[in-house]
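Notes to accompany the following structure.
Only the coordinates and a few stated rules stand behind these numbers; no lab work does. Please read all numbers here as calculations on a predicted model, not as lab measurements. Neighbour counts run over all protein chains shown; Cβ positions are idealised from the backbone, glycine included.
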Protein chains: 2
Amino acid sequence: MSNRVRLFVETSLRKDGIIPLNDKQMHYITKVMRLGLGNKLVVFNGKDGEWHAEIIHISKRLCNIKIIRFVGKSENESDISLVFSLLKRGATDLLVEKATELGVSRLCPMISKRTNTFKVNANRLKAISIEASEQCGRVTVPIIEQPKTLGNILAEWPRQKGLLFLDESGSGKPILEVLREKTSWQAHAILVGPEGGFTPAERDKMLQNSFIRPATLGERLVRAETAAISALSIYNAIMAIDHYKN
Amino acid sequence: MSNRVRLFVETSLRKDGIIPLNDKQMHYITKVMRLGLGNKLVVFNGKDGEWHAEIIHISKRLCNIKIIRFVGKSENESDISLVFSLLKRGATDLLVEKATELGVSRLCPMISKRTNTFKVNANRLKAISIEASEQCGRVTVPIIEQPKTLGNILAEWPRQKGLLFLDESGSGKPILEVLREKTSWQAHAILVGPEGGFTPAERDKMLQNSFIRPATLGERLVRAETAAISALSIYNAIMAIDHYKN
C-alpha cells in the first residue's frame with residue numbers, strides 16, 4: 001500500500017459513489033502525483049475506512065473519481081491524545097505532522113502561563129494533519145481541538161482517563177516505567193508544556209489530580225516538540241510489543 | 001542551566017583563556033541573545049567540558065570572552081550512532097537537529113539503492129548540529145561523517161558493535177524487545193533506510209551480518225526521519241531507566 005496515492009475526502013464513501021475533487025486535491029492528484037484517466041487511488045474520510053477509487057473524468061477544471069470497492073477498516077488505530085502548549089509556528093507545524101504520523105487521535109492545543117504564542121491557524125493545522133495522514137497510511141485524521149487554558153483542560157478532564165505529564169523538573173519516574181506499570185491507571189493522553197516548562201504553581205495544581213502521572217524522558221533537555229514526538233514514539237513502541245504478542 | 005546562553009567554540013578551553021568570537025557568534029551573543037559587557041555565558045568545545053565565561057570586550061567589530069571557571073564534564077552522554085540514508089534537505093536538516101537533541105554521538109549519512117539525494121552540505125549540517133547542541137545543553141557536538149555507500153558501511157563496520165536495523169518489512173521483533181534483550185549483542189548504532197526502504201537484495205545482504213539485528217517500530221508507516229527520531233527516543237527511554245535504577 002505504501003506507494004499508493006492516498007486522498008482524504010470530506011464526503012461519505014460508498015460503492016459507486018462519484019466524488020468531484022476540489023482544486024487542491026485535483027492539483028495533488030494530476031500535477032504532483034501525475035495520475036490520469038483510469039488510474040487508481042485510495043480514498044478515506046476518517047469514518048468509513050479505506051476504499052479504492054478510479055479517476056473517471058479529467059478536464060481542465062474538473063476531476064471526478066468513482067468509488068470502486070471497500071478495502072478495509074482501520075486496524076490498530078491507537079487512542080492516544082496529545083495536549084500541547086502552543087509553540088512557535090514551525091514547531092507547532094512539526095508537532096502536528098509528526099504526531100499525526102505517530103497515530104495521535106486528538107490534538108489539544110493548550111495555553112499555560114509560559115505559553116508565548118496564542119495564534120492558531122486551525123485550517124493550516126488541519127491541512128498539515130490531512131497531508132500527513134494521506135502519506136502515512138492512516139485511515140483517520142486526528143481531531144484538532146480549539147485551544148484551551150491549562151485550567152480549563154484540567155477542570156473538564158474525564159477523571160477515568162490517565163494523563164501522562166512530561167515533567168521537565170525530573171520528579172517523575174522514567175516514562176517507560178510509568179507506561180508499563182501494571183496499575184489501573186492507563187495513559188490516554190500525553191501532556192507537554194511550553195518551552196521553559198510549567199510554573200511551580202501550575203505543576204503543583206496538576207499533580208493534585210489523581211488522573212495525572214508525571215514522567216521523565218531522562219536528563220537530556222529537548223525542545224517541547226521533540227519531547228512530544230519522543231513520548232509518542234515510546235508509547236507506540238509499547239503498543240507494538242502488545243500487538244506482537246497477541 | 002537551561003536559560004543560560006551556551007556557545008560552542010572551536011578553540012581549546014582553559015582558565016583565563018581569552019577567545020575572540022567570530023562574526024556569527026558575535027551576532028548571536030550580542031544581537032540575538034542581547035548580552036553585553038560583563039555578562040556571563042557557558043562555552044564548550046566538545047572535548048574539554050563546560051566552562052563559564054564572561055564578555056570582557058565589545059566593540060563594533062570585536063567581542064572577546066574570557067574563560068572564568070570549569071563547570072563540569074559531560075554526564076551520561078550516550079554512545080549511539082545513527083546511520084541514515086540521505087533524505088531531502090528539509091528532512092535531513094530535521095533529522096540532524098533532532099538526533100543531536102536526542103544525544104547521538106555520530107551521524108553517518110549513507111547512500112543505498114533507493115537514496116535519491118546525493119548532495120550533502122557538510123557545513124550546513126555541522127551548523128545545525130552545533131546550534132542544537134548549544135540549545136539542548138549538550139557538552140559535545142555529534143561527529144558528522146562523510147557519506148558512504150551501504151556496501152562500504154557494512155564492509156568497514158566493527159564487528160563487535162551492534163547495528164539495529166529499522167526494518168520496514170516488519171520482519172524484526174518490536175524495537176523495545178530487541179533493545180532490552182539480555183544477550184551479548186548491544187546496539188551501538190541505529191540504521192534507517194531511505195523513503196521506500198531498502199531493496200530485497202540490500203536487506204538480504206544486511207541480514208547476513210551477525211552484528212545486525214532487524215527491529216520494527218510497529219505497523220504504522222512513518223517517514224524515514226520520523227523513524228530515526230522514534231528509534232532514538234526509545235533508546236533514550238531505556239537508558240533513562242538504567243540511570244534511574246543506578
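Some points to look at:
- Only helical runs count toward this figure. For chain A, summing -39,500 (n - 2.57) over DSSP H runs of n ≥ 4 and dividing by all residues gives -9000 deg cm²/dmol at 222 nm.
- Cβ-placed point charges (K, R +1; D, E -1), dipole of chain A about Cα centre in debye, nearest 20: 600
- The trypsin sites (Lys or Arg not before Pro) of the range A:146-246 meeting both criteria, a DSSP state outside H, G, I, E and B (loop) and at most 11 other C-beta atoms within 10 angstrom of the site's C-beta, are A:Arg159, A:Lys182.
- Label geometry 7 Å along the beta-carbon vector: B:Pro200 inter-copy distances in nm: 6.4
- Residue and whole-Å distance for the chain A Cβ lying nearest the axis of the A-onto-B rotation are A:Ser233, 2.
- Comment: the Cα-to-Cβ extended label point of A:Lys47, at 7 Å, lies 6.4 nm from its counterparts in the other copies, nearest first.
- For chain B, the membrane-span-like helix rule (DSSP H, alpha carbon extent of at least 27 Å along the helix axis, mean Kyte-Doolittle at least -1.0) picks out B:224-245; this says nothing about an actual membrane.
- The range B:136-246: C-alpha gyration tensor shape, a/c 1.5 cut-off, then a/b vs b/c: rounded
- The range A:64-195 - charge dipole about Cα centre, Lys and Arg +1 at Cβ, Asp and Glu -1, debye rounded to 20: 300
- Anisotropy class of the range A:144-198 from Cα gyration tensor, a/c 1.5 cut: oblate
- Lysine-lysine proximity count for the range B:6-72, Cα under 24 Å, sequence distance 8 or more or distinct chains: 14
- If you wrap the tightest convex hull around every Cα atom of chain A and split its volume per residue, you get 139 Å³.
- Anchor B:Lys113: lysines whose Cα lies under 17 Å away (excluding residues fewer than 8 positions away in-chain): B:Lys88, B:Lys148, B:Lys205
- Here the label points at B:Ser78 and B:Arg14, each 7 Å from Cα along the C-beta direction, are separated by 3.5 nm in the simple model.
- Exam field: A:Glu145 pseudo-label spacings to other copies (7 Å along Cα-Cβ), nanometres: 4.5
- Rounded to the nearest 0.05, the FRET efficiency derived from the C-beta distance between B:Thr183 and B:Lys88 at R0 = 35 Å is 0.45.
- Placing +1 on the Cβ of every Lys and Arg and -1 on the Cβ of every Asp and Glu, with nothing else charged, gives the range B:6-72 a dipole about its Cα centre of roughly 180 debye.
- Rounded to whole Å, the principal axis extents of the Cα atoms in the range B:118-166 read 35, 27, 18, largest first.
- Candidate aspartates and glutamates - alpha carbon under 13 Å from B:Lys126, same-chain residues fewer than 8 apart omitted: B:Glu10, B:Asp93, B:Glu97, B:Glu134, B:Glu145
- Cα gyration tensor, the range B:6-72 - rounded (a/c under 1.5), prolate or oblate: prolate
- Charge dipole of chain B about the Cα centre (unit charges at C-beta), most positive-ward option of B:Ala237, B:Leu21, B:Ile130: B:Leu21
- The range A:81-245: relative contact order as a whole-number percent, Cα under 8 Å and 6+ apart: 30
- Computed from the Cβ-Cβ distance with R0 of 35 Å, the FRET efficiency linking A:Asp204 to B:Thr117 stands at 0.10.
- Selection of GluC sites (Glu not before Pro), the range A:27-136, meeting DSSP coil and at most 16 other Cβ within 10 Å: A:Glu75, A:Glu77
- The rule of thumb for compact globular proteins, 2.2 N^0.38 Å, goes into the C-alpha radius of gyration of the protein assembly as shown 1.04 times.
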